[in-house]
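Trainee: Before anything else, here's the structure in question.
The values are calculated or read from the model by the stated rules, or taken from the named source; none is laboratory data. Values in this document were obtained by computation on a predicted structure and should not be read as measured data. Cβ: placed from backbone, ideal geometry, glycine included. Neighbour counts: every protein chain shown. Side chains are part of the model used for accessible areas, which takes the heavy atoms of the whole protein and leaves out ligands, DNA and RNA. Shrake-Rupley method; radii C 1.70, N 1.55, O 1.52, S 1.80 Å.
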Amino acid sequence: MRAAIYHGPNKVAIDDVPVPDPGPGQVTIAVAYNGICGTDLHEYYAGPIFIPTSPHPLTGAELPLILGHEFAGTISAVGKGVTGYAEGDRVAIEPLYRCGHCGPCSAGTYNVCAQIGFHGLMSDGGMAEYTVVPTDMLHRLPDSVSFELGALVEPMAVAHHAATLGDVGDGDTAMIYGAGPIGIGLWFALRGKGLEDIRVVEPSATRRAAIEALGATTLDPTAVDVPALVADATDGRGVDAVYDAAGVAPAIESALACVGARKPMVSVAIYEKPLTTPLIDLVMKEARIQGSLCYTGADFEAVIALMASGGYDTTGWVSSISIEDVVDQGFEALHAGTKMKVLVDPTR
């Protein structure tokens, strides 16, 4: 089979490798689509970061390995002892490895497992024609949910988890900093929670246009004083939750100026370096910063249900490419900002 194998920074090769066989408690997935994540870009241009250079404690895998943790497909083979799943089942994959016995795992918050691993970062992943996963990673896809949407469940679950940590509901107000895929996912998730008053702050005209086409209200921070505008619109109260999916200092400063008293700013970005944070804004409003990492199965199921009800639209921000083009039309196009979300079709 063909697979995208990571060998180090700027070294991803499309090679032929054997089709993996499922072990006990595992299934083989015929991958329909695999999304390229921002984490994949970090690994390609500056890694290895998360990809281990010595055996991972949960998977035993290390560099080089097959990329890909955002994917969906069809079960093509089942391993010994597998029940409840059969060949032909359509599934999305929740790609987390967890130890099952650390404090967070024992508390049910396995998304912050002390030894957390990701399929496609700490094991051979889904940027290939086939991959093998344990059954605890499987989520069934209704026939009404396409494989394109299925490959987006993982990043949309990241956004849904963050949206939920903001403690908002019907009638509340929110702001999203950053209109990349996670920012778009936050907008969909918050809409699904009943919010209508959502402002998306994004300096890129291309990204603003993409999310505006979906129905969002945007603000250009290079053209307007965002905190002043929000203060005027809310009579000085601020908004009920702010979400940072941008990961840059100006966004943090603006977000903390916009969040209301005793309300959260949820951080769901990847911060490449420490940022100066005006914590006095938190003190004076008793506001808080809430971190958000990954998701749990509940987020996956919620996203799939929203997708089945028509709550997500890929128009204008999602495109697909052949696995042979993963570097030039995938990594390089995303890095240059000419594309927003790319799905790799390993069968092309």
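Trainee: As I understand it, the dipole of segment 80-206 uses +1 on the Cβ of Lys and Arg and -1 on the Cβ of Asp and Glu, about the Cα centre. Which of Tyr177, Pro104, Val201 lies farthest toward its positive end?
Mentor: Highest projection toward the positive end goes to Pro104.
Trainee: To continue, here is another question. Enumerate the amide H contacts of Gln290 below 5 Å, restricted to partners 5 or more residues apart or on another chain; note that Pro and chain-start residues carry no placed amide H.
Mentor: Answer set, sorted by chain and number: Met265, Val266, Ser267.
Trainee: A follow-up question, please. For the chain, which DSSP H helices look membrane-span-like by this rule: Cα extent along the axis of 24 Å or more and mean Kyte-Doolittle of at least -0.5? Could you put the intermediate results ahead of the total?
Mentor: On the way: long enough: 147-165 (28 Å, 0.92).
Span-like helices, by this rule, are 147-165.
Trainee: Give the shape of segment 175-301 as rounded, prolate or oblate, defined through the alpha-carbon gyration tensor: a ≥ b ≥ c are the square roots of its eigenvalues, a/c under 1.5 means rounded, and otherwise the shape is prolate if a/b is larger than b/c and oblate if not. Let's see the in-between values first.
Mentor: Numbers: a/c = 1.31, a/b = 1.12, b/c = 1.17.
Cα axes put segment 175-301 in the rounded bin.
Trainee: May I pose another question? Considering only the chain, what is the antiparallel percent among its DSSP beta bridges, to the nearest 5? Could you put the intermediate results ahead of the total?
Mentor: Values: 32 of 57 bridges.
Of those bridges, close to 55 percent are antiparallel.
Trainee: Subtract the Cα-Cα distance of Arg237 and Glu324 from 0.36 nm times their separation in residues, and report this length gain in nm to one decimal.
Mentor: Working: separation 87, 0.36 × 87 = 31.32 nm, distance 5.16 nm.
That works out to 26.2 nm of additional length.
Trainee: Sticking with this structure for a sec: Probe radius 1.4 Å, ligands and nucleic acids ignored: give me the carbon and sulfur share of the accessible area of segment 1-148 as a rounded percent.
Mentor: Working: 3150 of 5980 Å².
About 53 percent, which is the carbon plus sulfur part of the accessible surface.
Trainee: Send over the per residue convex hull volume for segment 192-242, Cα only, as a whole number of Å³. Walk me through the intermediate numbers first.
Mentor: Details: hull volume 4.3 nm³, N = 51.
About 84 Å³ per residue, rounded to a whole number.
Trainee: Report, in debye and to the nearest 20, how large the dipole of segment 244-348 comes out about its Cα centre when Lys and Arg carry +1 and Asp and Glu carry -1 on their Cβ.
Mentor: Numbers: 8 positive and 13 negative charges, 93 e Å.
That gives a dipole near 440 debye.
Trainee: Once you have the Cα-Cα distance between Lys285 and Ala114, take 0.36 nm times their residue separation minus that, and quote the gain in nm to one decimal. Could the numbers behind the result be given before it?
Mentor: Numbers: separation 171, 0.36 × 171 = 61.56 nm, distance 3.25 nm.
The Lys285-Ala114 span can extend by a further 58.3 nm.
Trainee: Residue by residue through segment 105-113, what is 3J(HN,Hα) from phi via Karplus (6.51 cos²θ - 1.76 cosθ + 1.60, θ = phi - 60°)? Round to whole Hz and write x for glycine and proline.
Mentor: 4, 5, 8, x, 9, 5, 5, 10, 3
Trainee: Efficiency by 1/(1 + (r/R0)^6): what FRET value for Asp167 and Leu275, r their Cβ-Cβ distance, R0 = 25 Å, to the nearest 0.05? Please list the in-between numbers first.
Mentor: Numbers: r = 24 Å, r/R0 = 0.95.
That pair, Asp167 with Leu275, gives E of 0.60.
Trainee: At a Cα cut-off below 25 Å, give the lysines reachable from Lys341, other chains included and same-chain residues fewer than 8 away excluded.
Mentor: Hits, sequence-local ones excluded: Lys11, Lys193, Lys273.
Trainee: Could you pull the Cα extents of segment 208-283 along its three principal axes, largest to smallest, in whole Å?
Mentor: Principal extents (Cα only, largest first): 35, 34, 20 Å.
Trainee: Further, regarding this structure: Suppose every K and R has +1 on its Cβ and every D and E has -1 on its Cβ; what is the size of the dipole of segment 231-288 about the Cα centre, in Debye to the nearest 20?
Mentor: Values: 6 positive and 8 negative charges, 37 e Å.
That gives a dipole near 180 debye.
Trainee: If you don't mind, another one. What does the accessible area per residue of segment 257-324 come to in Å², with a 1.4 Å probe and no ligands, DNA or RNA counted?
Mentor: 51 Å²
Trainee: If I compute solvent accessible area with a 1.4 Å probe over the protein chains, what percent of it on segment 233-348 is carbon and sulfur? Could you put the intermediate results ahead of the total?
Mentor: On the way: 2850 of 5440 Å².
Looking at segment 233-348 in its full context, I get 52 percent from C and S.
Trainee: Then there is this: What size of dipole, in debye to the nearest 20, comes out for the chain about its Cα centre when the only charges are +1 on Lys and Arg C-beta atoms and -1 on Asp and Glu C-beta atoms? Please list the in-between numbers first.
Mentor: Details: 20 positive and 41 negative charges, 94 e Å.
Charge dipole of the chain: 460 debye, to the nearest 20.
Trainee: Determine the principal axes of the Cα atoms in the chain, then give the extent along each, sorted from largest to smallest and rounded to whole angstroms.
Mentor: The Cα atoms of the chain stretch 62, 42, 41 Å along their principal axes.
Trainee: Per residue, what volume in Å³ does the Cα convex hull of segment 127-171 take up?
Mentor: Details: hull volume 5.8 nm³, N = 45.
Here the figure is 129 Å³ per residue.
Trainee: Sticking with this structure for a sec: Rounded to whole Å, give me the distance from the Cα center of segment 317-348 to that of segment 172-244.
Mentor: Result: 26 Å between the Cα centres.
Trainee: Can you tell me the accessible area per residue over segment 44-153, all protein chains present, probe 1.4 angstrom, in square angstrom? Provide the component values of the computation, followed by the final result.
Mentor: On the way: 4330 Å² over 110 residues.
Per residue, segment 44-153 has an accessible area of 39 Å².
Trainee: So what's segment 235-348 giving for Rg/Rh, alpha carbon basis, Kirkwood Rh from the mean inverse pair distance? Mind showing how you got there, number by number?
Mentor: Working: Rg = 18.4 Å, Rh = 17.1 Å.
Here Rg/Rh amounts to 1.08.
Trainee: Which ³J(HN,Hα) values, rounded to whole Hz and listed in residue order, are derived for segment 53-69 from phi using the Karplus coefficients 6.51, -1.76 and 1.60 in 6.51 cos²θ - 1.76 cosθ + 1.60 with θ = phi - 60°, glycine and proline given as x?
Mentor: Karplus-based 3J(HN,Hα) across segment 53-69 equals 9, 9, x, 5, x, 9, 10, x, 8, 7, 3, x, 8, 7, 6, x, 10 Hz.
Trainee: With the cut-off at 21 Å, report for segment 33-129 the share of all Cα pairs above it, as a whole percent.
Mentor: Taking all Cα-Cα pairs of segment 33-129, the fraction more than 21 Å apart is 42 percent.
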